Amino acid sequence: MAGLDAIPNHGTFKINFRPTRASVLGREPDGKPAFTTAPLGKGRVYFLAVPLEMTLAQTPGAFHAGSKPPYWRLYHQMGGHLLKRRAVRKTHGMVGLTEHALDVRSRVEVVINYPPNRLRETLEIAAGWNLKQVLHGKAMSDGRSLNLELDPNDACVMVVARPKQ
């Protein structure tokens, strides 16, 4: 997995294993598998062999200081098939995006700028969805994407909708 070829393990234990049918998506700095996936029934199973969340939560600057690996891609890898169903999609790792259905034709999108600096972000809007209303923040749509200006540690809240059939 691009950018996650050296997943740190600062935990108190180490699991040494050899994948037999799983694909390796990320490795520890010593080359040992750290993140794997394999088909299971109608889905997939993911295995993370390091206590990554605990390690990152206890490491100052783990997400933004220097050139840190894009750890958010782990979650994107696991939930990518679900993210494709969303009306709005993001690619910036330091921007949070939640989607809340109001009814079958409208959703509230909350876009959060986590860093302490201003960001300009372009989000993809799925076909058939349009920006209906901006409740907080600055957002404009060109029909295919949403262009946002996000103040430091602030959010943009907007409603997207599908036209009535």
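Each reported figure results from applying straightforward, stated rules to the coordinates on display, with no laboratory input. All of these numbers come straight from a predicted model, not from anything done at the bench. Note that each Cβ is placed from the backbone with ideal geometry, even for glycine, and that neighbours are counted across all protein chains shown.
Some observations on this one:
- Listed peptides 85-91, 138-144 by packing density, highest first (mean Cβ within 10 Å): 85-91, 138-144
- Spatial separation of Cα centroids for segment 13-65 and segment 87-124, in angstrom: 27
- Scaled against 2.2 N^0.38 Å for its residue count N, the alpha carbon radius of gyration of segment 88-161 is 1.00.
- Between 0 and 90 degrees, the angle of helix 72-83 with respect to the longest Cα principal axis of the chain falls at about 50 degrees.
- Taking the convex hull of Cα positions in segment 72-111, its mean projected area over all directions (nm²): 2.8
- Rg/Rh (Cα only; Kirkwood hydrodynamic radius) as it applies to the chain: 1.04
- Placing a pseudo-label 7 Å from each Cα along the Cα-to-Cβ vector at T98 and K138 gives an inter-label distance of 2.5 nm.
- Annotated for the chain: lysine pairs at least 8 residues apart or interchain, Cα distance under 21 Å, count 8.
- The coefficient of translational diffusion for segment 23-83, derived via Stokes-Einstein from the alpha carbon Kirkwood radius under 10 °C and 1.306 mPa s, stands at 122 µm²/s.
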